[in-house]
Amino acid sequence: MKKIFDIRWLASGAIVAALLLLPLHLHRFPYQMFVLTSAFFYAILSSSWALLAGIAGQFSFAHVAFVGIGAYTSGLLGKYLGVPPFLGILIGTLTAGLVGVFIGFLCLRLRGAYLALFTIAFSEILRIIVLSEYQITEGSTGLEMKPLYPHITPTAQYYITLVMLLVTMAFMYWLAGSRFGLFIKAMREDEDAAAAMGVDTVRYKVLIFAITSTIVGLAGGIFYHQVGIITPNIMEILQMSLIIAFAVIGGIESLMGAAIGAFLCRIALEWLREINILGWHIEPGIWRYAAFGVLLMLTLRFARNGLLYPVIDRLFLRKAREEAVLKRRRAKEVEA
């Protein structure tokens, strides 16, 4: 067990070290730095959605709406009241969390397709409101966001988003491994049975909505203050579809799989904007999304646990489970 534990920590440490050292090579290429920063952002969104849908079983399509709530709240406070970005982000994060509590209460009796349709409607209503009230939100033109601090560099943006990803991942892993995680997994398998066993399903359903909406509200506020502008496009169903697809390809029941899937897919989609092969320039344009859709279809058909989760499971989790089972058997034999 200790050996498996050491291997997991060594592998995780190597990945984190590589990400920390990467800007030393790429700091002269601001566009590539921005792509990596946005990949971290989408990794947060997909992994938090995996916590909500894959682990808790709440298939919500309102994730992007909470991103918009966090970012627009901070941006509007800064524009009209002169609120500093860090205070605006805090207020936007709390607002997203409170709205998440409200949506959680409204969705108490909704499951499956009904929950999905309800959250799609909520997200679309919010997007239409932002588009319509252009005198306040600037509509499709986009709302300008103050930078986190003057003259912020792409390297600083990279590290800020990376730290945010690492902190949120650590928190979500702790949450999934706690009693809270055990209860929401029980709700995912059978909500009625979980309630019959004494799990307060109302409390935990509202809490998981509040927690995940707070996480993405924070991510949205920080990321779009770094970008400098936000438009209602972030709340489109296409964006939500990408977040879900990233999580599914990585592994919907794995926080790490969803995060890595989002990171790699986001970079791949950007790389496919223009391909240079032996001097030939190919611009797939919208066809890159078609290719991405084919990959998603193949994943759903042949690898329902995602493309990355089976690899993670084979390298680390399966052996750890076997060691844990063996340890329990030995303990029982000693007791007998």
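The values are calculated or read from the model by the stated rules, or taken from the named source; none is laboratory data. Everything numeric in this text was worked out from a predicted model, so none of it was measured. For neighbour counting, all protein chains shown are included, and Cβ atoms are generated from backbone atoms with ideal geometry for every residue, glycine included.
Across region 224-248, which residue is nearest to residue 290 (Cα to Cα) among those that are outside any helix (DSSP H, G or I) and β-branched (Val, Ile, Thr)?
Taking region 224-248 as the starting set, the residues that turn out to be outside any helix (DSSP H, G or I) are 228-231, 236.
Within this subset, residues satisfying the condition of being β-branched (Val, Ile, Thr) are 229-231.
Details: 229: 28, 230: 26, 231: 24 Å.
Among those residues, the one meeting the criterion is 231.
Consider residue 212 carefully, then state whether it is buried (at least 24 other Cβ atoms within 10 Å of the Cβ) and among the polar types (S, T, N, Q). Walk me through it before giving the result.
Numbers: buried (at least 24 other Cβ atoms within 10 Å of the Cβ): yes; among the polar types (S, T, N, Q): yes.
For residue 212, the condition - buried (at least 24 other Cβ atoms within 10 Å of the Cβ) and among the polar types (S, T, N, Q) - is met.
Select from region 150-173 the residues that are more than 20 Å from the chain's Cα centre (by Cα) and aliphatic (A, V, I, L, M) and write down the one among them that is modelled with the highest pLDDT.
Restricting attention to region 150-173, the residues satisfying the condition of being more than 20 Å from the chain's Cα centre (by Cα) are 150-156.
Retained after the next criterion (residues that are aliphatic (A, V, I, L, M)): 152, 156.
Numbers: 152: 85, 156: 90.
Ranking the qualifying residues of region 150-173, first place goes to 156.
Given the criteria in a loop (DSSP other than H, G, I, E, B), surrounded by 18 or more Cβ atoms within 10 Å (Cβ to Cβ) and not charged (D, E, K, R), does residue 83 qualify?
Working: in a loop (DSSP other than H, G, I, E, B): yes; surrounded by 18 or more Cβ atoms within 10 Å (Cβ to Cβ): yes; not charged (D, E, K, R): yes.
Answer is yes for this residue.
Hey, among 176, 210, which residue is closer than 29 Å to residue 106 by Cβ and at pLDDT below 90? Reasoning before the result, please.
Values: 210 fails: at pLDDT below 90.
None of the others qualify; the one that does is 176.
Per-residue answers, yes or no, for (1) touching an Asp or Glu at 6+ places or on another chain (Cβ under 6 Å); (2) modelled with pLDDT under 85; (3) farther than 20 Å from residue 116 by Cα; (4) among the aromatic types (Phe, Trp, Tyr):
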residue	(1), (2), (3), (4)
194	no, yes, yes, no
197	no, yes, yes, no
205	no, no, no, no
221	no, no, yes, no
237	no, no, no, no
252	no, no, no, no
258	no, no, no, no
272	no, yes, yes, no
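Within region 143-156, identify whether any single residue is under 28 Å from residue 209 (Cβ atoms), surrounded by 12 or more Cβ atoms within 10 Å (Cβ to Cβ) and among the basic types (Lys, Arg), and answer yes or no.
First, the residues of region 143-156 that are under 28 Å from residue 209 (Cβ atoms): 143, 145, 148.
After this cut, where a residue has to be surrounded by 12 or more Cβ atoms within 10 Å (Cβ to Cβ) as well, the list is 143, 145, 148.
Next, from what is left, pick out any that are among the basic types (Lys, Arg): none.
Looking for residues that are under 28 Å from residue 209 (Cβ atoms), surrounded by 12 or more Cβ atoms within 10 Å (Cβ to Cβ) and among the basic types (Lys, Arg), one finds none in region 143-156, hence no.
State which residue pairs qualify: first residue under 18 Å from residue 252 (Cβ atoms) and inside region 182-200, second residue among the aromatic types (Phe, Trp, Tyr) in any location, beta carbons under 7 Å apart, and separation of 6 or more residues or different chains.
184/204; 187/204
Yes/no matrix, rows are residues, columns are (1) touching a Lys or Arg at 6+ places or on another chain (Cβ under 9 Å); (2) outside any loop (DSSP other than H, G, I, E, B); (3) buried (at least 17 other Cβ atoms within 10 Å of the Cβ); (4) touching a residue at least 12 places away in the same chain (Cβ under 8 Å):
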| residue | (1), (2), (3), (4) |
| --- | --- |
| 17 | no, yes, no, no |
| 24 | no, yes, no, no |
| 41 | yes, yes, yes, yes |
| 44 | no, yes, yes, yes |
| 54 | yes, yes, yes, yes |
| 78 | yes, yes, yes, yes |
| 87 | no, yes, no, no |
| 102 | no, yes, no, no |
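Mind checking which pairs have a first residue in region 281-295 that is modelled with pLDDT of 75 or more and a second that is assigned to a loop (DSSP other than H, G, I, E, B) and not hydrophobic (A, V, I, L, M, F, W, C), Cβ under 8 Å, 6 or more apart or different chains?
Qualifying pairs under 8 Å: 291/284.
Can you confirm whether residue 214 is of a type outside the set (Phe, Trp, Tyr), touching a helix residue (DSSP H, G or I) at 6+ places or on another chain (Cβ under 7 Å) and under 12 Å from residue 67 (Cβ atoms)?
Details: of a type outside the set (Phe, Trp, Tyr): yes; touching a helix residue (DSSP H, G or I) at 6+ places or on another chain (Cβ under 7 Å): yes; under 12 Å from residue 67 (Cβ atoms): yes.
When the stated conditions are applied, residue 214 passes them.
Can you give me the number of residues within region 118-149 that are farther than 25 Å from residue 226 by Cβ and of a type in the set (Ser, Thr, Tyr)?
Result for region 118-149: 2.
Restricting attention to region 202-211, report how many residues are farther than 20 Å from residue 65 by Cα and touching a residue at least 24 places away in the same chain (Cβ under 8 Å).
2
Can you pull out the residues in region 19-58 that are modelled with pLDDT of 85 or more and out of contact with any helix residue (DSSP H, G or I) (no Cβ under 8 Å at 6 or more places or on another chain)?
21, 31, listed by residue number.
I'd like to know if region 121-131 contains one or more residues that are part of a helix (DSSP H, G or I), under 30 Å from residue 189 (Cα atoms) and charged (D, E, K, R). Walk me through it before giving the result.
Keep residues of region 121-131 that are part of a helix (DSSP H, G or I), which gives 121-131.
The next check asks that each one be under 30 Å from residue 189 (Cα atoms); those that pass are 121-124.
Filter once more, so that each one left must be charged (D, E, K, R): 124.
Looking through region 121-131, at least one residue is part of a helix (DSSP H, G or I), under 30 Å from residue 189 (Cα atoms) and charged (D, E, K, R).
Sort out which residues of region 56-76 are closer than 13 Å to residue 240 by Cα and either among the small types (Gly, Ala, Ser) or assigned to a helix (DSSP H, G or I) (or both), and write them in order of number.
Residues of region 56-76 closer than 13 Å to residue 240 by Cα: 59-68.
Residues satisfying the conditions are 60, 62, 63, 64, 65, 66, 67, 68.
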